[in-house]
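Worksheet for the structure shown next.
The values are calculated or read from the model by the stated rules, or taken from the named source; none is laboratory data. These numbers were taken from a predicted model, which means no experiment stands behind them. Counting neighbours? That spans all protein chains shown, and the Cβs are built from the backbone with ideal geometry, glycine included. Just so you know, the surface numbers come from the protein's heavy atoms only, side chains and all, with ligands and any DNA or RNA stripped out. Shrake-Rupley method; radii C 1.70, N 1.55, O 1.52, S 1.80 Å.
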Amino acid sequence: MKRIVSWCLLILPILFIIYPLWNLLTVSLGVSTMQQGISLTAYGQLLQDPQLPTVIQNTLYIAVVSTIASLFMGAMAAILTEKTDIPGRQGWRLVFILPVLLPSYVISIAWQHWAGPVGLVNGWLQHLLGRTIWNFTGIHEIVIVMAISHMPIAYLLVRSAINAIPGHLEDAARIAGARPVTVFASVVLPLTVPALANAALLCFASALDNFGIPAFIGIPSGITVLSTLIYQKVIGLGNGQFEQAAALAVVTGLLSMIPVYFQGKIFHGPKYSREEGNREKRVYLMGKWKWLLVLLIGIWQGVTVIGPCIAMLLLSLAPAYGVPLTLSNLSFAHYISLWTDTPVVAAGLRNSLLLALISTVVVLLLAWPLARRIVLAPSPLVTFLDGIAAVPYCLPGMVVGLAVLLTWIHPIPGTSFSLYGGMTILLLAYIPRFYTFGIRTWTTAWARFSLQMEEAGHVAGAGPMTVTRRITLPMFREEALGGGTLIFLLAFTELTLSSLLAGSQFPTLGVIVFSMETAGRALESAALGTVLTLLTLGLSAGVCKYLLDEKNSEEKETKI
Amino acid sequence: MIKPGKIQSLLLWLLFMTTILLAGCGAQQPAATTEKNGEISGKLQVYTSQPDSDISKLVAGFTKKYPQIQVEVFRSGTEEVIARMNTEMKAGKIGADVLFLADAPTFEALKVQNLLLDYQSGELKGVKQELLDTDHMYSPTKMIPIGIVINTNKVKELDKVDWNTLSESENKGQTVMPSPLYSGAAAYNLGIFRNQSELGWSYYEKLKDNQVMVVKGNGDVIKRVASGEKSFGIVVDFMAFNAVKQGSPVAFVYPKTGSAVITEPVGIVKTTQNAAAAKAFVDFVLSAEGQQLAVQQGYLPVNKDVNAPEGRQAAAALKILNAPIKKLVEQRDANKKDFTVLFGG
């Protein structure tokens, strides 16, 4: 039995991760077409494409600028919620994490109705001043929305770096006579540098990966980036573009390797000993300033997150586009028409739920035996498999999607049966894509789990099944719930992979919102966006509350 | 040191079982036609570019008449529907039974590829002879002129608006139009304009110089004009009239120079497993009942015995721009390519 499991752990990644990517490479080299041998025709055509330099330039510009903005905002937010004594920190923390829970296309919709050319804010300004002050369109709008939606990455990393700093370092500086400002600048800040560097790489990679924002904002304003270009080559222009799309995907994949390369070079932050007594963190008293800071933080979150969501909600209640919303003409017609006029929405909801549930369960199940080996019986092969599992998530989603499409679209030899069009091909993309989350979930769980617990069970005479069911799993409930919710949410609102892979008979929610938006059904897509926001927030709030109640841990703080 | 629990192997078995089951789900075999007691039944997949709300009302009317038929709809822009079909052909199976797309040249191209089923509906009596396909591969269902939608808060003199208004420098950056890479109507319009001496390809170049915005679909054009983001939009007429009805601050003008008119044909895919249901669907769209339904949704009917929507000019009263359909089909790909180069995709 052990051998069967081990072979599966080896064979499944080869078949479902390595083979599709290899296939992508061979298609781009023209191996699958008539000519024998390798040809660089597709790459040649790509180079001649007058669009390509602009597209690469757009992609890099957006990635670099949005990364800088995300870093700045994330670091500021982390300092404010972790190192000051401003009131209501728990609430601010949740709002700062919020953008990472929402799919980026929902943020795009919300932002357009908030600060777009005819958004709520410009409407107010027009009313108050008789003119608009700014006109965010095109590439700047993409940069802003991307910075907002990737800000939580920087926030979370910097926050955990700050919280890991042992209090006695700061105490030592204080005893030596440094003022709080000096302590902060010369002790705390330098210790966050590795986290900032990591956050920069992650934000950059996420920006290359993102499809929702350039698709919802970029396509209408004629700004093309690599992910939308691949999509358009496959979906927009029809036949004969597969080889070129594959070549483009290979180029994009190589570009996304830049951050991975640097990841290895980064100095990984200091490891602190986790003795009791070091855990207390030091916060800085802001005195009278704290209310000013609260005001600033409130405005900041109002402008970047809460305002857009409210704008989306208000628009979804308007009777028709361009008609100002008043209390008397407020209408739920668009919510109703989501169900009555568009049966596809109900189908999409069902499909996405099913996909998310199956992906979550399968990912967690498949990751279990590998994670166990990673923690308990590490070997070069196991480390290699762990690395392979991370590949589909490190590569941009559009590249993975295209690889899966090209690999599984053709009818199975000898039959007319193809995986394309149904749920299977989507699962073949979702499961490899989220596999690494499953592994991370279980490895963190096992890392804090003492093997003696299991052995105690064995000694007491319980079989392996009983031990897993009665001892191991209950201990892992927290991690399983957290990791599972993350995978579920990612799969439920997925757009990038499904935009290529969802056939006409099996649309996903993301694809439906996308097609509504391109069809100009802004009021309905705002309504659906609002529903998705509420669902996502409800689910994650429920899980957070459950986990917090479970932990019941209190933060210890000392003020300086 | 660690014995792998039996649970692991059990889980893997479960996984394989689910994979096999799922593979089964992927292979949704189309239900073959069953005509019990003369009643048509089974599944019918329609690929269309009609707005969701319009097609769902049409389907509701159809299934009321044929309760045994389950209709499923896939909606996208015409060009994307075609791209989807090309992808499906690579997968070895076209999912559609019925195609209901923007314009005749699209169907001509499908006819050349031998993808359509020959069917002459009995409901074509009221349709003008010159609109019909001589090979009976597809049938026109409506008359949809393409004109200009105007935001009435921003523009007051509606009568003067013609195609040239959009390329005048005082209206720089004020026009939005759908992309011929997505919308069949826009692709048709481009084809027709290219063959008119007074407009031509240079008209598109002038629009580009005048900073026209290109969005994907016609609906998006309406949205941006209704919200006041843009003053003018090139768009299919019924969407604009429906926006007026809903209270959006817009008006629609048929330009004096003339309009390209798409006919939103319907056709049956040759590989259909349910030809009886597909034919019933085509008949229903063309029937007096189907035409009345279209009129209620703001379309000009193709059947001249059915009246235009209240307060609207009949199709016969409009100046229509034309070009030989063969030429339009031949030029389509080149048009799209030139458009991509000019506007950058």
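Brief remarks on what is shown
- For chain A, size of Cβ-based charge dipole, Lys and Arg +1, Asp and Glu -1, in debye: 900
- Between residue A:168 and residue A:189, the FRET efficiency from the beta-carbon distance, with R0 = 22 Å, is close to 0.80.
- Entry note, chain A: the mean residue ellipticity at 222 nm calculated from DSSP H runs of n ≥ 4, each adding -39500 (n - 2.57), is -21500 deg cm²/dmol after division by the residues and rounding to the nearest 500.
- Cross-link reach is defined here as a Cα-Cα straight distance under 16 Å, omitting same-chain residues fewer than 8 places apart; for residue B:160 the aspartates and glutamates meeting it are B:168, B:170.
- One Cα centroid belongs to the range A:218-232, the other to the range A:297-355; the line between them spans 25 Å.
- Accessible surface area normalised per residue over the range A:52-328 is 42 Å², counting heavy atoms of protein chains with a 1.4 Å rolling probe.
- Taking chymotrypsin sites (Phe, Trp or Tyr not before Pro) as exposed when DSSP calls them loop and at most 12 other C-beta atoms lie within 10 angstrom, chain A has its longest site-free stretch at A:333-560.
- Chain B contacts chain A over a buried accessible area of about 5500 Å², both sides summed; the probe is 1.4 Å and only protein chains count.
- Inter-centroid distance (Cα atoms) of the range B:273-308 relative to the range A:429-452, Å: 57
- Residues along the range B:63-107 losing 40 Å² or more of accessible surface when the other protein chains are present rather than the chain by itself (probe 1.4 Å): B:75, B:80, B:83, B:84, B:86, B:87, B:90, B:91
- Distance from the range B:180-231 to the range B:133-177 (C-alpha centre basis), Å: 8
- Lys pairs, chain A - Cα-Cα below 15 angstrom, 8 or more residues apart or on other chains: 7
- Interface burial in the range A:352-387, defined as at least 10 Å² less accessible area with all protein chains than with the chain alone at a 1.4 Å probe, covers A:358, A:362, A:365, A:366, A:368, A:369, A:372, A:373, A:376.
- In the range A:1-20, comparing the full protein assembly with the chain on its own, the residues that lose 20 Å² or more of accessible surface at a 1.4 Å probe are A:1, A:2, A:5, A:8, A:12.
- Accessible surface of the range A:52-328, 1.4 Å probe, proportion on carbon and sulfur as whole %: 70
- Computed label-point distance, nm, for sites residue A:534 and residue A:14 using a 7 Å Cα→Cβ extension: 5.1
- Ranked by the mean number of other Cβ atoms within 10 Å of their residues, highest first, the peptides A:496-505, B:322-331 fall in the order A:496-505, B:322-331.
- Heavy-atom accessible area per residue - the range A:332-560, 1.4 Å, Å²: 39
- Taking GluC sites (Glu not before Pro) in DSSP loop states with no more than 15 other Cβ atoms inside 10 Å as exposed sites, chain A has its longest site-free stretch at A:1-274.
- Since only A:441, A:340, A:502 are under comparison, the one whose Cα sits farthest along the positive direction of the charge dipole of the range A:332-560, derived from C-beta charges on Lys, Arg, Asp and Glu, is A:441.
- Calculated accessible area for chain B comes out at 42 Å² per residue, all protein chains present (probe 1.4 Å; ligands, DNA, RNA ignored).
- Aspartates and glutamates with Cα under 15 Å of residue B:279, excluding same-chain neighbours fewer than 8 positions away: B:35, B:39, B:97, B:118, B:123
- Pairs exceeding a 23 Å alpha-carbon distance, out of B:43/B:142; B:128/B:216; B:57/B:230; B:156/B:336; B:43/B:65: B:43/B:142; B:128/B:216; B:57/B:230; B:156/B:336.
- Of the complete DSSP H runs in chain A, those spanning 30 angstrom or more by Cα along the long axis with a mean Kyte-Doolittle score not below 1.0 are A:52-83, A:138-164, A:343-376.
- Cross-link partners for residue B:93 among the aspartates and glutamates, with Cα-Cα distance under 18 Å and sequence neighbours closer than 8 places in the same chain left out: B:72, B:80.
- Taking amide H as placed 1.01 Å from N in the peptide plane, the amide H of residue B:260 sits under 5 Å from that of B:146, B:321, each at least 5 places away or on another chain.
- Label-to-label distance, nm, for residues given as residue B:310 and residue A:329 (7 Å Cα→Cβ offset): 2.1
- Estimated from helices alone, the mean residue ellipticity of chain B at 222 nm is -12500 deg cm²/dmol (sum of -39500 (n - 2.57) over DSSP H runs with n ≥ 4, per residue).
- Each Lys and Arg adds +1 at its Cβ and each Asp and Glu adds -1 at its Cβ; summed about the Cα centre, the range A:332-560 shows a dipole of about 320 debye.
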